[in-house]
Amino acid sequence: MANIKVIGVGHAGRNTVDYLENNKVDGVEFACLTDMAQVASAREYMGDGTAGVILVAGLDGTTGSQGTPAIAKLCQDGGVPFAAIVFMPFAYEKARQEAALLSLQALRQHTNHIVVLSNDKLREQFGSLPFEEAFRKGDEVVAEVVGNIVRNGYDAIVDYI
């Protein structure tokens, strides 16, 4: 089986990776890089023989926003196939939204394999659920995307939410 690594970048990425590990998403290995010092050594987390990388992050202006494009560039420069699955902040979080859009623009310089999950759309679709349960629905979507990539390759990414 291919050695595909799911790397959670920042705290939102770590939370999603925790969900994926607890729900036995098969066919991947997991790593979490929750600060920029860890992101700086991302190459070590990928290791030799990595067949692909799936980055998972929240783009809120902190580690996920800064680290995800940096790791994407490492993958691109190293010829490692990869995709990014990112959560966008709520529209009312103006400063975070602006930072997220800049990060998304930087990320798009390195790949067109990006799934963008909107917190606003999650709230719209699952607003009747408690806050944490609504975010778990986002994690379920990530699990579906990861499984789809493992089974069908990176070009199988479609819009999810």
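Can you sort Y154, Y92 from fewest to most other Cβ atoms within 10 Å of each residue's own Cβ?
Fewest-to-most Cβ neighbours within 10 Å comes out as Y92, Y154.
Using only the Cα atoms of region 19-113, what do you get for the radius of gyration and for Dmax, in Å?
13.4, 42
What whole-number value in cubic angstrom gives the convex hull volume per residue for the C-alpha atoms of region 34-83?
64
Taking only the alpha-carbon positions of region 101-161 and ignoring solvent, what does the Debye formula give for the base-10 log of I(q)/I(0) at q = 0.20, 0.23, 0.24 Å⁻¹?
Values, matching the q order: -0.86, -0.99, -1.02.
Output ³J(HN,Hα) for region 55-69: one whole-Hz value per residue in order, computed from phi by the Karplus curve 6.51 cos²θ - 1.76 cosθ + 1.60 with θ = phi - 60°, and x for Gly and Pro.
8, 10, 7, x, 9, 10, x, 10, 4, x, 5, 7, x, 4, x
Give, in nm to one decimal, the length gained when the segment between N22 and S128 is fully stretched (0.36 nm per residue of separation minus the Cα-Cα distance).
Contour length minus Cα-Cα distance gives 35.7 nm.
How much mean residue ellipticity at 222 nm does the chain get from its helices, if each DSSP H run of length 4 or more adds -39500 (n - 2.57) and you divide by all residues, to the nearest 500 deg cm²/dmol?
Value at 222 nm, helices only: -16000 deg cm²/dmol.
Can you sort D35, D77 so the residue with the fewest Cβ neighbours within 10 Å comes first?
D77, D35
Taking the dipole about the Cα centre of region 49-120, with the C-beta of Lys and Arg at +1 and of Asp and Glu at -1, give me whichever of F90, A51, L102 is farthest to the positive side.
The residue sitting farthest along the positive end of the dipole is A51.
Please report H11, H110 as a ranked list, fewest other C-beta atoms within 10 angstrom at the top and most at the bottom.
By the 10 Å Cβ count, ascending: H11, H110.
Here, each number is a calculation from the coordinates, and none is a lab measurement. Keep in mind it's a predicted model, so treat the numbers as computed, not measured. Backbone-built Cβ (ideal geometry, glycine too); neighbour counts: all protein chains shown.
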